[in-house]
Amino acid sequence: MDEIERQSEERGWATAKTLAEALPYIQIYDRETVVIKYGGHAMGETAVAKQFAADVVLLKLMGVNPVVVHGGGPQISAMLDKAGVKSNFVDGLRVTDRDTMAVAEMVLSGAVNKEIAHWISVAGKEADVRGIGLSGKDAGLLTVEKTTRTKRDPDSLIEHEVDLGFVGEPTKVDPKLIAGLIASETDDWVPVIAPIGVAEDGQTYNVNADTVAGAVAGSLNAKRMLLLTDVKGVLDRNGDIIRQMTLAEAQGLIDDGTASGGMIPKLQTAMAAVRAGVEAVVILDGRRPHAMLVELFTEYGAGTLVKA
């Protein structure tokens, strides 16, 4: 046996050992629902998108029911820049006028949504695992109301309402369509949801994808919600990752300033999802290859787990 054959054989044995060690965790998630929030700049990189899709297909074939909720902020910004439209933000939320709303829906429900669903179908072709692109407007999935925000004037200290335009907050999730797709006994569907919702009066709204993922996960009583982000997890004051925390501990990190910037809304989303019925939420680095597999099927996981 030459060196190449020997190395190939060793890799085969190592792979078999890894699969055997994953068995207890595979059983934990068998036929359980895992909601994955996918977003960020990596969505625009084809190689990363293909790898994400392949991991989602693997989850489905291992007995998990993955549901993907995606964002698309960078893609919306790029399209608005091409159109010469300047975006304004308040507390991280894009102020969305009627023209911006039209672009946001076109990008989210169109190009981004269908690309993710397409790559899942490509990755799952041999086993007939198919991504199906949806938005919150389909089958009454996501009902929303207009978001209201207040801002305090630094001089007068008087709070005044800020109009964010067509930005919404979920008020109701009807999971019937999603539940039917993932429960199919004849087909392997992976729902891919764009964060667009409709108010009671029929008006379309753009919704924060993290918030939508939490609302969908709660409505499905998901076993896990995975918040894929661009950091390795929640860090303590020394910069070390915190592997697990309770709701009270998560709130404490916000209150004492340990969690700051973009991590605050992610922790708030995680806490809201757990209160809504999700067993646990994990904040992890979606840029790392196979991060979802490491989190679900290994002993130590890949991010920060938030639970009751």
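Among the residues of segment 244-275, which ones are β-branched (Val, Ile, Thr) and open to solvent by less than 40 Å² (accessible area, probe 1.4 Å)?
First, pick out the residues of segment 244-275 that are β-branched (Val, Ile, Thr): 246, 254, 258, 264, 269, 274.
Result: Ile254, Thr258, Thr269, Val274.
When each of Asn221, Asn208 is tested for being closer than 23 Å to Tyr25 by Cα, open to solvent by 10 Å² or more (accessible area, probe 1.4 Å) and within 20 Å of the chain's Cα centre (by Cα), the lone residue that passes is Asn221. Condition check for Ile283 on (1) open to solvent by less than 20 Å² (accessible area, probe 1.4 Å); (2) farther than 20 Å from Thr33 by Cα; (3) in contact with a helix residue (DSSP H, G or I) (Cβ under 7 Å, 6 or more places away or on another chain): one failure, at (2).
Residue-wise test of (1) part of a helix (DSSP H, G or I); (2) farther than 17 Å from Thr298 by Cα; (3) in contact with a helix residue (DSSP H, G or I) (Cβ under 7 Å, 6 or more places away or on another chain).
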| residue | (1), (2), (3) |
| --- | --- |
| Ile26 | yes, no, yes |
| Arg31 | no, yes, no |
| Val35 | no, yes, yes |
| Ala47 | yes, yes, no |
| Lys50 | yes, yes, yes |
| Asp55 | yes, no, yes |
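Picking from residues in segment 224-235 that are open to solvent by 20 Å² or more (accessible area, probe 1.4 Å) and among the hydrophobic types (A, V, I, L, M, F, W, C), the one that is farthest from Ala302 (Cα to Cα) is Leu235.
Within segment 57-79, if we keep just the residues that are touching a strand residue (DSSP E or B) at 6+ places or on another chain (Cβ under 9 Å) and assigned to a helix (DSSP H, G or I), the residue that is surrounded by the most Cβ atoms within 10 Å (Cβ to Cβ) turns out to be Val57.
Determine whether segment 156-169 contains at least one residue that is in contact (Cβ under 8 Å) with a residue 40 or more places away in the chain, more than 28 Å from Pro66 (Cβ to Cβ), open to solvent by less than 10 Å² (accessible area, probe 1.4 Å) and out of contact with any helix residue (DSSP H, G or I) (no Cβ under 8 Å at 6 or more places or on another chain). Yes, the conditions are met somewhere in segment 156-169.
Filtered by the rule that a residue be open to solvent by less than 40 Å² (accessible area, probe 1.4 Å) and among the β-branched types (Val, Ile, Thr), segment 176-205 gives Ile178, Ile182, Val190, Val192, Ile193, Ile196, Val198, Thr204. Can Val278 be described as part of a helix (DSSP H, G or I) and buried (at least 19 other Cβ atoms within 10 Å of the Cβ)? Considered against the rule, which asks whether it is part of a helix (DSSP H, G or I) and buried (at least 19 other Cβ atoms within 10 Å of the Cβ), Val278 comes out as no.
Going through (1) within 18 Å of the chain's Cα centre (by Cα); (2) over 28 Å from Gly165 (Cα atoms) one by one, Ala127 falls short only on (1).
Out of curiosity, is Asp128 touching a residue at least 12 places away in the same chain (Cβ under 8 Å), on the phi > 0 side of the Ramachandran plot and open to solvent by 40 Å² or more (accessible area, probe 1.4 Å)? Yes: the conditions hold for Asp128. Residues that are open to solvent by 40 Å² or more (accessible area, probe 1.4 Å) and at positive phi do not occur anywhere in segment 38-45.
Which ranges mark the strands (runs of 3 or more DSSP E) fully within segment 95-197 that have 3 or more residues being modelled with pLDDT of 90 or more?
Working: elements: 129-135, 142-146, 149-152, 159-162, 167-173, 188-194.
Counting at least 3 such residues, we get 129-135, 142-146, 167-173, 188-194.
When segment 253-268 is examined, which residues are found to be closer than 20 Å to Gly218 by Cβ and either among the polar types (S, T, N, Q) or in contact with a strand residue (DSSP E or B) (Cβ under 8 Å, 6 or more places away or on another chain) (or both)? Lys266, Leu267, Gln268, listed by residue number.
The values are calculated or read from the model by the stated rules, or taken from the named source; none is laboratory data. Given the structure is predicted, the values throughout are model-derived calculations rather than measurements. As a convention, Cβ positions derive from the backbone with ideal geometry for all residues, glycine included, and neighbour counts pool all protein chains shown. Surface accessibility is based on the protein's heavy atoms, side chains included, excluding ligands, DNA and RNA. Shrake-Rupley method; radii C 1.70, N 1.55, O 1.52, S 1.80 Å.
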